[in-house]
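Notes follow once the structure below has been shown.
The values are calculated or read from the model by the stated rules, or taken from the named source; none is laboratory data. These numbers were taken from a predicted model, which means no experiment stands behind them. As a convention, Cβ positions derive from the backbone with ideal geometry for all residues, glycine included, and neighbour counts pool all protein chains shown.
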């Protein structure tokens with residue numbers, strides 16, 4: 001089957017993911033869910049139209065809606081909690097300044113995501129220029145989990161992936177997004193997402209093999 | 001179907017992204033290919049481990065001040081813009097008055113007047129050059145045309 005012929009397969013994976021992430025995903029991809037939120041009688045479009053008129057308070061609703069996703073995705077890219085906080089906040093500030101360029105008929109988060117991704121890439125380039133030695137591994141994984149050593153090795157492997165592969169891994173495993181959602185966010189066909197994930201997983205499987213004996 | 005394609009499908013199988021027909025194709029192939037069966041098992045193990053990996057959660061307080069911090073920075077930026085505009089108006093007005101005073105003051109020698117005016121002219125040219133550079137940089141700013 002040709003990759004471009006593939007149709008998005010939306011699966012209900014809510015039962016497999018933390019409630020917090022499930023809610024955030026609904027906010028990103030479902031206009032209906034955004035509209036029924038208790039505190040927000042206004043739709044995202046109406047809120048963003050107010051923001052375009054300079055209403056900073058309205059922008060607060062948008063920031064609060066997406067700050068978790070923005071922070072965790074940035075953390076996956078920049079590998080450090082303080083940097084993830086700074087970059088994600090910088091992205092919200094930049095988005096506010098560019099908000100007049102935003103088409104309110106479109107979902108906000110994919111537009112914001114592309115902007116934040118550029119900031120993350122710039123941040124990484126700046127960090128590489130500043131340090132002659134490789135960046136130290138920041139401890140960004142949850143310490144309460146088992147198999148710490150193996151997971152740290154996998155995380156190191158994720159860090160060393162080419163950016164397009166790392167991006168799909170972060171979105172797939174740390175934000176539990178489907179292929180269709182990832183494709184929408186990064187603006188690439190589903191076939192490309194599928195392929196990038198396969199190559200990324202192939203490399204990670206090699207790392208895991210050293211610990212599980214299927215090298 | 002070639003092995004590379006099948007391995008991509010195996011990866012997607014574990015991601016829950018295949019429809020029934022594709023699943024059947026993979027299952028049929030697995031029944032007759034030991035190499036792909038091994039790939040399927042190994043990908044399954046990777047999936048299990050990856051699903052258990054989680055990023056560190058920040059302190060709750062961080063979320064409480066997240067928006068406030070952005071709001072303050074947005075407010076401060078507007079403050080800086082007003083401050084800069086005010087300072088520029090005062091600077092130009094003061095400069096104009098100073099030049100006017102120097103030219104009209106008969107007690108200041110012609111040579112001193114020329115010296116002061118040349119100095120001020122230099123400052124104006126340098127400021128103009130800096131301003132032009134800023135406009136040039138802004139026009140080529142990377143995120144200016146962010147995709148909608």
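Inside the stretch B:50-72, can you point out the residues that are part of a helix (DSSP H, G or I) and either more than 8 Å from chain A (Cβ to nearest Cβ) or modelled with pLDDT under 90 (or both)?
If we filter the stretch B:50-72 for residues that are part of a helix (DSSP H, G or I), which is where we start, we get B:50-52, B:60-72.
Across the stretch B:50-72, the qualifying residues are B:51, B:52, B:60, B:61, B:64, B:65, B:68, B:72.
Starting from residues that are assigned to a helix (DSSP H, G or I) and more than 9 Å from every other protein chain (Cβ to nearest Cβ), keep the ones in the stretch A:171-182 and report whichever is surrounded by the most Cβ atoms within 10 Å (Cβ to Cβ).
A:171
Determine which member of the set A:144, A:138, A:153 is more than 9 Å from chain B (Cβ to nearest Cβ), modelled with pLDDT under 90, outside any helix (DSSP H, G or I) and out of contact with any strand residue (DSSP E or B) (no Cβ under 6 Å at 6 or more places or on another chain). It would help to see each step written out before you state the result.
Working: A:144 fails: more than 9 Å from chain B (Cβ to nearest Cβ); A:153 fails: outside any helix (DSSP H, G or I).
Criteria check complete, one pass: A:138.
Within the stretch A:64-87, track down each residue that is buried (at least 20 other Cβ atoms within 10 Å of the Cβ) and farther than 15 Å from residue B:56 by Cβ.
Across the stretch A:64-87, the qualifying residues are A:65, A:66, A:67, A:69, A:70, A:87.
Of all residues in the stretch B:16-40, how many are within 21 Å of residue A:214 (Cα to Cα) and facing another protein chain (nearest Cβ under 8 Å)?
Residues in the stretch B:16-40 being within 21 Å of residue A:214 (Cα to Cα) and facing another protein chain (nearest Cβ under 8 Å): 1 in total.
Within the stretch A:98-113, work out how many residues are within 8 Å of chain B (Cβ to nearest Cβ), in a helix (DSSP H, G or I) and surrounded by fewer than 17 Cβ atoms within 10 Å (Cβ to Cβ).
The qualifying residues number 1.
Does any residue of the stretch A:73-94 turn out to be in a loop (DSSP other than H, G, I, E, B) and at pLDDT below 95?
Yes, there is a match, as at least one residue in the stretch A:73-94 is in a loop (DSSP other than H, G, I, E, B) and at pLDDT below 95.
Could we say that residue A:95 is more than 9 Å from chain B (Cβ to nearest Cβ) and surrounded by 23 or more Cβ atoms within 10 Å (Cβ to Cβ) here? Please lay out each step first, then the result.
Values: more than 9 Å from chain B (Cβ to nearest Cβ): no; surrounded by 23 or more Cβ atoms within 10 Å (Cβ to Cβ): yes.
Answer is no for this residue.
Among the residues of the stretch A:183-215, write down those that are more than 24 Å from the chain's Cα centre (by Cα) and either more than 7 Å from chain B (Cβ to nearest Cβ) or part of a helix (DSSP H, G or I) (or both).
Hits for the stretch A:183-215 are A:206, A:209, A:210, A:211, A:212, A:213, A:215.
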